[in-house]
Amino acid sequence: MKYSLAIHGGAGTILPESMTREKEQAYLQGLKDALQIGEQILIKNGSALDAVEAAVKVLEDNPLFNAGRGAVFTHDKTHEMDASIMCGKSITAGAVAGVKNIKNPVSLARKVMEKTEHVMLCGEGAMNFAKLINTEIMPDDYFYSEERYQQLHQALAEDIILLDHYHKTNDKKFGTVGAVALDTNGNLAAATSTGGMTNKKFGRVGDSPIIGAGTYANNAKCAVSCTGHGEYFIKSVVAYDVFCLMEYKQLSLEQACHLVVNTKLKNIGGEGGLIAIDKEGNISMPFNSIGMYRGMLSHNKPLHVAIYK
Ligand code: ASP
């Protein structure tokens with residue numbers, strides 16, 4: 001019985017010298033925790049959809065990652081989160097954009113997919129839906145962290161919009177989280193969740209909740225979850241482009257992912273990476289940034305986590 005799972009916790013200028021050993025270990029442990037929860041589902045013949053949701057929830061609950069609890073601050077000192085999920089078997093999808101105080105945006109996205117006739121809900125309407133179905137809502141202080149608050153102050157002082165951690169040396173790090181899985185029934189799924197960018201304004205929404213840009217799954221070929229500078233990923237329709245290169249040009253998963261991340265995105269200045277899985281369970285995790293928090297496992301490969309190239 002074949003299964004595979006891959007996750008990411010964001011990409012960017014993640015430099016070994018700007019990390020402490022403790023912090024590095026904490027990130028790697030966070031990735032392991034998510035992979036193990038996902039594997040417990042896949043090993044019992046659970047669905048890829050359940051596995052990606054569960055893995056992303058673990059990362060949303062971990063304050064180190066820019067999603068759920070660890071979401072970055074907006075210009076207005078709030079947290080606006082985006083998330084999406086897609087089932088490759090039914091080609092159904094759900095997404096939420098600009099939601100506040102939701103403990104697990106990825107689960108709300110799944111409810112949009114399963115309980116409404118829509119694909120994406122945003123802002124106040126999404127919040128009304130969340131309340132209607134009794135989604136777990138957390139107080140503002142659940143999402144507060146001193147480090148994130150300092151990031152906002154830095155961004156406000158410099159009047160810039162930041163992609164998660166940023167240092168004057170032009171370090172950039174995108175802390176979005178995501179998962180892709182193949183289950184023992186041969187079904188694929190993908191999910192992505194983010195707090196977006198520090199100091200974002202005017203209801204800015206990135207690629208993460210946009211089906212085809214930040215997330216895509218289709219049993220015919222692959223499942224994809226992205227992380228990086230969202231505006232470029234939207235303009236390049238990254239996740240669907242990987243699918244199309246496989247479907248229409250018969251590229252392998254590896255070839256398609258490599259072309260999109262290291263050539264097409266790079267040519268327009270789009271920094272970041274993605275994780276992708278095909279229906280044979282092959283995994284590709286390319287990134288054109290210095291690092292990407294990532295991990296994978298499958299029925300015949302042990303858990304592996306990494307940060308740098
Ligand atoms: N792609 C996300 C966004 O632009 C950011 C990230 O990947 O961390 O909202």
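The values are calculated or read from the model by the stated rules, or taken from the named source; none is laboratory data. Please read these numbers as outputs of a predicted model, since none were measured by experiment. Cβ: placed from backbone, ideal geometry, glycine included. Neighbour counts: every protein chain shown. Side chains are part of the model used for accessible areas, which takes the heavy atoms of the whole protein and leaves out ligands, DNA and RNA. Shrake-Rupley method; radii C 1.70, N 1.55, O 1.52, S 1.80 Å.
Among the helices (runs of 4 or more DSSP H) contained in the range 133-252, which hold 3 or more residues that are among the aromatic types (Phe, Trp, Tyr)?
Details: elements: 146-158, 230-235, 238-249.
Output list reads 238-249.
Has the range 243-252 got any residue that is surrounded by fewer than 22 Cβ atoms within 10 Å (Cβ to Cβ), charged (D, E, K, R) and touching a Lys or Arg at 6+ places or on another chain (Cβ under 6 Å)?
yes
Scan the range 266-287 and tell me whether some residue there is within 15 Å of the ligand (Cβ to nearest atom), among the aromatic types (Phe, Trp, Tyr) and open to solvent by 20 Å² or more (accessible area, probe 1.4 Å).
No; the residues of the range 266-287 include none that is within 15 Å of the ligand (Cβ to nearest atom), among the aromatic types (Phe, Trp, Tyr) and open to solvent by 20 Å² or more (accessible area, probe 1.4 Å).
Quick one: Ile210 ticks every box in (1) surrounded by 24 or more Cβ atoms within 10 Å (Cβ to Cβ); (2) near the ligand (Cβ under 9 Å from one of its atoms) except a single one, so which number is it?
With (1) surrounded by 24 or more Cβ atoms within 10 Å (Cβ to Cβ); (2) near the ligand (Cβ under 9 Å from one of its atoms) applied to Ile210, the lone miss is (2).
Just the residues that are among the aromatic types (Phe, Trp, Tyr) and either modelled with pLDDT under 85 or surrounded by fewer than 17 Cβ atoms within 10 Å (Cβ to Cβ) (or both), please, taken from the range 109-166. Step through it out loud before you land on a result.
Just the residues of the range 109-166 that are among the aromatic types (Phe, Trp, Tyr), to begin with: 129, 142-144, 149, 166.
Listed by number, the residues that qualify are Tyr142, Tyr144, Tyr149, Tyr166.
If the requirement is being open to solvent by less than 10 Å² (accessible area, probe 1.4 Å) and modelled with pLDDT of 95 or more, which of these qualifies: Tyr293, Tyr240? Give the derivation first.
On the way: Tyr240 fails: open to solvent by less than 10 Å² (accessible area, probe 1.4 Å).
Checking each option against the conditions leaves just Tyr293.
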